Amino acid sequence: MQYQDFYGKKISTLGLGGLRFPTVDGDLNRIDRAAGQKVVDAAMQQGINVFDTAWSYQDGDSERFLGEALAKYPRESFLLGLSGVQTVFSGMADASQVIENAALFDAPKPLSDAERKTLQRAADAFFKTMGVPCSGCRYCCGICPAGLEIPLLIKGYNEQNITGSTWKIGMLSETKGASACLSCGACLSRCPQKIDIPGVMKKLAEQQ
(Lines give C-alpha, C1' and ligand atoms only; values in the text may rest on other atoms or scores of the structure.)
Protein backbone atom coordinates (compact mmCIF):
# COMPACT_ATOMS: atom_id res chain seq x y z
CA MET A 1 0.00 0.00 0.00
CA GLN A 2 1.26 3.46 -0.89
CA TYR A 3 0.99 6.24 1.71
CA GLN A 4 1.20 10.00 1.78
CA ASP A 5 2.21 12.24 4.64
CA PHE A 6 -0.51 14.34 6.29
CA TYR A 7 0.72 16.43 9.22
CA GLY A 8 2.98 13.65 10.38
CA LYS A 9 0.47 10.86 9.77
CA LYS A 10 0.78 8.22 7.08
CA ILE A 11 -2.43 8.17 5.03
CA SER A 12 -3.18 5.28 2.68
CA THR A 13 -3.77 6.38 -0.90
CA LEU A 14 -6.73 3.99 -1.07
CA GLY A 15 -9.57 4.47 1.40
CA LEU A 16 -12.71 2.46 2.14
CA GLY A 17 -15.94 4.29 1.38
CA GLY A 18 -18.95 3.33 3.48
CA LEU A 19 -21.56 3.47 0.73
CA ARG A 20 -21.55 -0.11 -0.54
CA PHE A 21 -21.44 -2.41 2.46
CA PRO A 22 -23.18 -5.76 1.84
CA THR A 23 -26.82 -5.83 2.89
CA VAL A 24 -29.34 -8.28 4.32
CA ASP A 25 -31.90 -9.75 1.90
CA GLY A 26 -31.52 -6.92 -0.57
CA ASP A 27 -32.55 -4.26 1.95
CA LEU A 28 -30.19 -1.37 1.13
CA ASN A 29 -30.53 0.07 4.63
CA ARG A 30 -29.69 -3.11 6.60
CA ILE A 31 -26.01 -3.95 6.55
CA ASP A 32 -24.95 -7.59 6.85
CA ARG A 33 -22.71 -7.29 9.93
CA ALA A 34 -20.76 -10.50 9.38
CA ALA A 35 -20.09 -9.88 5.70
CA GLY A 36 -19.37 -6.21 6.31
CA GLN A 37 -16.86 -7.03 9.05
CA LYS A 38 -14.93 -9.15 6.54
CA VAL A 39 -14.70 -6.10 4.27
CA VAL A 40 -13.37 -3.88 7.06
CA ASP A 41 -10.96 -6.58 8.26
CA ALA A 42 -9.63 -7.07 4.72
CA ALA A 43 -9.12 -3.32 4.40
CA MET A 44 -7.11 -3.16 7.60
CA GLN A 45 -5.07 -6.22 6.58
CA GLN A 46 -4.24 -4.59 3.25
CA GLY A 47 -2.96 -1.46 4.97
CA ILE A 48 -5.96 0.79 4.33
CA ASN A 49 -6.26 3.20 7.24
CA VAL A 50 -8.72 5.83 5.99
CA PHE A 51 -12.47 5.25 6.19
CA ASP A 52 -15.29 7.50 5.00
CA THR A 53 -19.00 7.46 5.75
CA ALA A 54 -21.92 9.86 6.18
CA TRP A 55 -25.21 9.87 8.06
CA SER A 56 -27.17 9.51 4.82
CA TYR A 57 -25.35 6.34 3.73
CA GLN A 58 -27.63 3.33 4.03
CA ASP A 59 -30.06 5.39 6.13
CA GLY A 60 -27.51 5.91 8.89
CA ASP A 61 -26.60 2.25 9.25
CA SER A 62 -23.24 2.82 7.56
CA GLU A 63 -22.09 5.07 10.38
CA ARG A 64 -23.38 2.68 13.04
CA PHE A 65 -21.82 -0.36 11.43
CA LEU A 66 -18.44 1.24 10.74
CA GLY A 67 -18.21 2.29 14.39
CA GLU A 68 -18.97 -1.28 15.45
CA ALA A 69 -16.56 -2.85 12.96
CA LEU A 70 -13.63 -0.59 13.82
CA ALA A 71 -14.11 -0.90 17.58
CA LYS A 72 -11.90 -4.00 17.62
CA TYR A 73 -8.92 -2.00 16.36
CA PRO A 74 -6.77 0.54 18.25
CA ARG A 75 -8.15 4.04 17.60
CA GLU A 76 -4.76 5.30 16.46
CA SER A 77 -4.63 2.67 13.69
CA PHE A 78 -7.23 4.34 11.45
CA LEU A 79 -8.61 7.75 10.50
CA LEU A 80 -12.15 8.89 9.73
CA GLY A 81 -13.69 11.74 7.78
CA LEU A 82 -10.56 13.58 6.70
CA SER A 83 -11.14 16.50 4.28
CA GLY A 84 -8.42 17.84 1.91
CA VAL A 85 -6.64 14.46 1.76
CA GLN A 86 -5.83 13.04 -1.68
CA THR A 87 -7.13 9.54 -1.11
CA VAL A 88 -9.15 7.48 -3.58
CA PHE A 89 -12.26 6.20 -1.81
CA SER A 90 -13.87 3.05 -3.12
CA GLY A 91 -17.11 1.54 -1.84
CA MET A 92 -16.01 -2.08 -1.79
CA ALA A 93 -18.71 -4.67 -1.13
CA ASP A 94 -16.62 -7.75 -0.38
CA ALA A 95 -13.13 -8.77 0.68
CA SER A 96 -12.07 -9.81 -2.84
CA GLN A 97 -12.70 -6.28 -4.12
CA VAL A 98 -10.60 -4.88 -1.27
CA ILE A 99 -7.71 -7.19 -2.10
CA GLU A 100 -7.93 -6.47 -5.84
CA ASN A 101 -8.03 -2.70 -5.39
CA ALA A 102 -5.28 -2.72 -2.78
CA ALA A 103 -3.00 -4.60 -5.20
CA LEU A 104 -3.36 -1.74 -7.66
CA PHE A 105 -2.08 0.67 -5.01
CA ASP A 106 0.90 -1.49 -4.06
CA ALA A 107 2.87 -0.63 -7.18
CA PRO A 108 1.35 2.42 -8.88
CA LYS A 109 2.41 3.12 -12.45
CA PRO A 110 2.04 6.85 -13.16
CA LEU A 111 0.63 7.79 -16.55
CA SER A 112 2.80 9.58 -19.06
CA ASP A 113 1.80 13.06 -20.22
CA ALA A 114 0.48 11.61 -23.47
CA GLU A 115 -1.58 9.02 -21.60
CA ARG A 116 -2.99 11.69 -19.29
CA LYS A 117 -4.09 13.80 -22.24
CA THR A 118 -5.72 10.81 -23.92
CA LEU A 119 -7.52 9.89 -20.70
CA GLN A 120 -8.73 13.47 -20.24
CA ARG A 121 -10.14 13.55 -23.77
CA ALA A 122 -11.92 10.27 -23.16
CA ALA A 123 -13.32 11.56 -19.84
CA ASP A 124 -14.55 14.77 -21.44
CA ALA A 125 -16.33 12.84 -24.17
CA PHE A 126 -17.82 10.44 -21.64
CA PHE A 127 -19.22 13.15 -19.39
CA LYS A 128 -20.79 14.95 -22.34
CA THR A 129 -22.82 11.88 -23.26
CA MET A 130 -23.45 10.04 -19.99
CA GLY A 131 -26.20 12.37 -18.76
CA VAL A 132 -27.04 12.62 -15.06
CA PRO A 133 -24.48 10.58 -13.02
CA CYS A 134 -26.97 8.58 -10.93
CA SER A 135 -25.48 5.42 -9.39
CA GLY A 136 -28.88 3.87 -8.65
CA CYS A 137 -28.27 3.66 -4.90
CA ARG A 138 -31.97 4.45 -4.24
CA TYR A 139 -31.26 6.41 -1.05
CA CYS A 140 -33.55 9.11 -2.40
CA CYS A 141 -36.53 6.80 -2.84
CA GLY A 142 -37.40 6.06 0.77
CA ILE A 143 -37.66 9.72 1.68
CA CYS A 144 -39.62 10.88 -1.40
CA PRO A 145 -43.14 11.91 -0.26
CA ALA A 146 -44.44 11.39 -3.80
CA GLY A 147 -43.12 7.81 -3.88
CA LEU A 148 -41.17 8.32 -7.09
CA GLU A 149 -38.81 5.72 -8.50
CA ILE A 150 -36.18 8.42 -8.95
CA PRO A 151 -33.26 6.30 -10.30
CA LEU A 152 -35.58 4.75 -12.89
CA LEU A 153 -36.85 8.16 -13.97
CA ILE A 154 -33.30 9.51 -14.22
CA LYS A 155 -32.33 6.49 -16.29
CA GLY A 156 -35.22 7.31 -18.60
CA TYR A 157 -34.12 10.95 -18.72
CA ASN A 158 -30.59 9.96 -19.70
CA GLU A 159 -31.80 7.55 -22.34
CA GLN A 160 -34.12 10.15 -23.82
CA ASN A 161 -31.32 12.69 -24.10
CA ILE A 162 -28.69 10.25 -25.37
CA THR A 163 -30.66 8.07 -27.82
CA GLY A 164 -33.97 9.92 -28.11
CA SER A 165 -35.93 6.84 -27.05
CA THR A 166 -36.88 5.24 -23.73
CA TRP A 167 -38.40 1.97 -24.93
CA LYS A 168 -35.42 0.01 -23.60
CA ILE A 169 -36.08 1.15 -20.00
CA GLY A 170 -38.36 -1.52 -18.55
CA MET A 171 -41.11 -0.51 -16.09
CA LEU A 172 -40.70 3.18 -16.98
CA SER A 173 -44.20 3.38 -18.43
CA GLU A 174 -45.66 1.73 -15.32
CA THR A 175 -44.23 4.08 -12.70
CA LYS A 176 -45.27 7.57 -11.61
CA GLY A 177 -44.10 10.28 -13.97
CA ALA A 178 -41.69 13.07 -13.13
CA SER A 179 -44.60 15.51 -13.10
CA ALA A 180 -45.61 14.03 -9.72
CA CYS A 181 -42.45 15.50 -8.16
CA LEU A 182 -43.33 17.98 -5.42
CA SER A 183 -39.98 19.81 -5.71
CA CYS A 184 -39.72 19.57 -1.91
CA GLY A 185 -35.98 18.84 -2.01
CA ALA A 186 -36.17 16.08 0.61
CA CYS A 187 -34.09 13.86 -1.67
CA LEU A 188 -31.19 16.27 -1.97
CA SER A 189 -29.57 15.44 1.36
CA ARG A 190 -29.66 11.72 0.55
CA CYS A 191 -27.93 11.83 -2.83
CA PRO A 192 -24.22 10.88 -2.63
CA GLN A 193 -23.74 12.30 -6.13
CA LYS A 194 -25.24 15.69 -5.14
CA ILE A 195 -27.64 15.59 -8.10
CA ASP A 196 -30.23 18.35 -8.39
CA ILE A 197 -33.02 15.79 -8.47
CA PRO A 198 -35.97 18.26 -8.46
CA GLY A 199 -34.31 20.09 -11.35
CA VAL A 200 -33.92 16.85 -13.32
CA MET A 201 -37.53 15.89 -12.60
CA LYS A 202 -38.70 19.28 -13.87
CA LYS A 203 -36.75 18.89 -17.11
CA LEU A 204 -38.02 15.33 -17.56
CA ALA A 205 -41.62 16.43 -16.96
CA GLU A 206 -41.24 19.07 -19.67
CA GLN A 207 -40.06 16.39 -22.10
CA GLN A 208 -42.96 14.04 -21.39
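The values are calculated or read from the model by the stated rules, or taken from the named source; none is laboratory data. These numbers come from a predicted model, not from an experiment. All Cβ positions, glycine included, derive from the backbone under ideal geometry; neighbour counts span all protein chains shown. Note: areas computed on protein heavy atoms with side chains; ligands, DNA, RNA excluded. Shrake-Rupley method; radii C 1.70, N 1.55, O 1.52, S 1.80 Å.
Quickly run through the range 4-43 and pick out the residues that are over 21 Å from Tyr57 (Cα atoms), in contact (Cβ under 8 Å) with a residue 24 or more places away in the chain and over 20 Å from the mean Cα position of the chain (by Cα).
Gln4, Phe6, Lys9, Lys10, Ile11, listed by residue number.
Here is a check on your reading of the model: is Gln86 open to solvent by 60 Å² or more (accessible area, probe 1.4 Å), among the polar types (S, T, N, Q) and either assigned to a helix (DSSP H, G or I) or at pLDDT 90 or above (or both)?
In short, no.
If I ask for residues that are on the phi > 0 side of the Ramachandran plot and either open to solvent by less than 70 Å² (accessible area, probe 1.4 Å) or β-branched (Val, Ile, Thr) (or both), which ones from the range 2-50 would you list?
Listed by number, the residues that qualify are Gly8, Gly26, Gly47.
Kindly indicate the residue of the range 51-83 that is out of contact with any strand residue (DSSP E or B) (no Cβ under 7 Å at 6 or more places or on another chain) and touching a residue at least 60 places away in the same chain (Cβ under 8 Å) and also least open to solvent (accessible area, probe 1.4 Å) among those meeting that condition.
Ser56
What's the number of the only condition in (1) under 30 Å from Cys144 (Cα atoms); (2) open to solvent by 70 Å² or more (accessible area, probe 1.4 Å); (3) part of a loop (DSSP other than H, G, I, E, B) that Pro108 fails to meet?
(1)
Go through the range 112-158 and give me each residue that's among the basic types (Lys, Arg) and either in contact (Cβ under 8 Å) with a residue 24 or more places away in the chain or closer than 18 Å to Ser183 by Cα (or both).
Selection gives Arg138 alone.
Residue-wise test of (1) modelled with pLDDT under 80; (2) more than 26 Å from Tyr57 (Cα to Cα).
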residue: Cys140; (1), (2): no, no
residue: Gly147; (1), (2): no, no
residue: Ile154; (1), (2): no, no
residue: Glu159; (1), (2): no, yes
residue: Ile162; (1), (2): yes, yes
residue: Ser165; (1), (2): yes, yes
residue: Ser173; (1), (2): yes, yes
residue: Lys176; (1), (2): no, no
residue: Leu182; (1), (2): no, no
